[in-house]
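Single-structure report; data block below.
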Amino acid sequence: MQKITSSEQKTFEFAKTFAKRLKGGEVLCLIGDLGAGKTAFTKGLASGLDVKNIITSPTFVLMKVYSVHHDAIKKLAHIDAYRINSGEDLEAIGIDDYFNDKNCVTVIEWADRVKEIWPKNVTKINFKILEGDKRKVTVT
């Protein structure tokens, strides 16, 4: 699936709609340059899952876990791999617990930095900056 968005708000809205497809247990690996829309997408995803908290990028804390108000999904684990050296850093804080939780959706920003720890069935989401505020979001 591919979507061209024309603003940060449109990326947010796309993710909010995308959230309706989630059943729980998914790992979403977000890849793209700085400012490409990864955090805007995560905010929209959280909104679509009815997370009540304000979503901010966990750049310095590595991971934030939010409560979700959904029938099957109970948690959203939001991870930022920008400042880490390897997937071992995430394993040290218990990432595998979230990968194996069917009641959790896990989102990893800068996921290309920790490819070695991706579970088998991830959803890869690439963000590419086009001209102006346009972004190409590709889900595979």
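The values are calculated or read from the model by the stated rules, or taken from the named source; none is laboratory data. Because the structure is a prediction, the values reported are computed rather than measured. No Cβ is skipped: glycine too gets one built from the backbone with ideal geometry, and neighbour counts run over all protein chains shown.
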- Filter result for residue 38 (among the basic types (Lys, Arg), buried (at least 17 other Cβ atoms within 10 Å of the Cβ) and closer than 29 Å to residue 116 by Cβ): yes
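Condition check ((1) assigned to a helix (DSSP H, G or I); (2) modelled with pLDDT of 95 or more; (3) under 19 Å from residue 98 (Cα atoms)) across all residues:
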position	(1), (2), (3)
3	no, yes, no
17	yes, yes, no
25	no, yes, yes
34	no, no, no
- Message: Just checking, does region 84-104 include any residue being modelled with pLDDT of 95 or more and of a type in the set (Gly, Ala, Ser)?
- Response: no
- Filter region 1-35 down to the residues that are among the basic types (Lys, Arg) and either surrounded by fewer than 18 Cβ atoms within 10 Å (Cβ to Cβ) or in contact with a Leu (Cβ under 9 Å, 6 or more places away or on another chain) (or both), then identify the one that is nearest to residue 76 (Cα to Cα). 23
- Note on the structure: Matching residues in region 38-94 (touching a Gly at 6+ places or on another chain (Cβ under 8 Å) and either in a helix (DSSP H, G or I) or β-branched (Val, Ile, Thr) (or both)) number 2
- Note on the structure: Listed by range, strands (runs of 3 or more DSSP E) wholly within region 96-140 having at least 1 residues that are touching a residue at least 40 places away in the same chain (Cβ under 8 Å) and basic (Lys, Arg) are 123-129, 135-139
- Message: Please determine whether any residue of region 50-63 is closer than 18 Å to residue 38 by Cβ, at pLDDT 95 or above and surrounded by 13 or more Cβ atoms within 10 Å (Cβ to Cβ).
- Response: yes
- Note on the structure: So, first residue of a type in the set (Gly, Ala, Ser) in region 24-51, second residue modelled with pLDDT under 95 and buried (at least 19 other Cβ atoms within 10 Å of the Cβ), Cβ within less than 6 Å, six or more apart or across chains; the pairs are 46/55
- From 22, 30, which residue is aliphatic (A, V, I, L, M), in contact with a Ser or Thr (Cβ under 8 Å, 6 or more places away or on another chain) and within 18 Å of residue 119 (Cβ to Cβ)? 30
